[in-house]
Amino acid sequence: MTQALTTAQREEIQALLAARRRDLQAQMQQNRENLAPPTPDQDGIEQGNVGREVDQALTNIDAADLTRIDHALEALSDGSYGLCAECGCDIPFERLKIEPQTQHCVACKSRWEEATGQARPHR
Ligand SMILES: [Zn+2]
């Protein structure tokens, strides 16, 4: 197992992850406040149901993202960060900078996207 990242790069990634984590948590906090019924319905008319469902879905996505960020931070501290979880290769720093919580190299990710039909075939 190799560790391709320098200390400075690791610190940069850690700062990126910490910033994303803060943003996400602020966003989730805001979503939770939107979800909480502020006052009991006085006239019995349900309001804002659609908005709430959307907020709930967003909260679930945020929670999954937060988990990935936590995993990435853990990997940073135990030295396994930057390695593809699928093939074990080094994920290029340029990619990590764009998507610091990623756990897969581009090759594995596009293979997975093709397999699950989430990406268009290569042109
Ligand atoms: Zn890979």
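The values are calculated or read from the model by the stated rules, or taken from the named source; none is laboratory data. Bear in mind that the values here come from a model prediction, so they are computed numbers and not experimental data. Virtual Cβ from ideal backbone geometry, glycine too; neighbours counted across all protein chains shown. Accessible surface areas use protein heavy atoms only, side chains included; no ligands, DNA or RNA. Shrake-Rupley method; radii C 1.70, N 1.55, O 1.52, S 1.80 Å.
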- Query: When region 96-123 is examined, which residues are found to be open to solvent by 40 Å² or more (accessible area, probe 1.4 Å), under 18 Å from the mean Cα position of the chain (by Cα) and of a type outside the set (Asp, Glu)?
  - Reply: Lys97, Ile98, Gln103, His104, Val106, Lys109, Trp112, Gln118
- Query: So, in region 55-95, of the ones that are in a helix (DSSP H, G or I) and of a type in the set (S, T, N, Q), which residue ends up farthest from the ligand (Cβ to nearest atom)?
  - Reply: Gln56
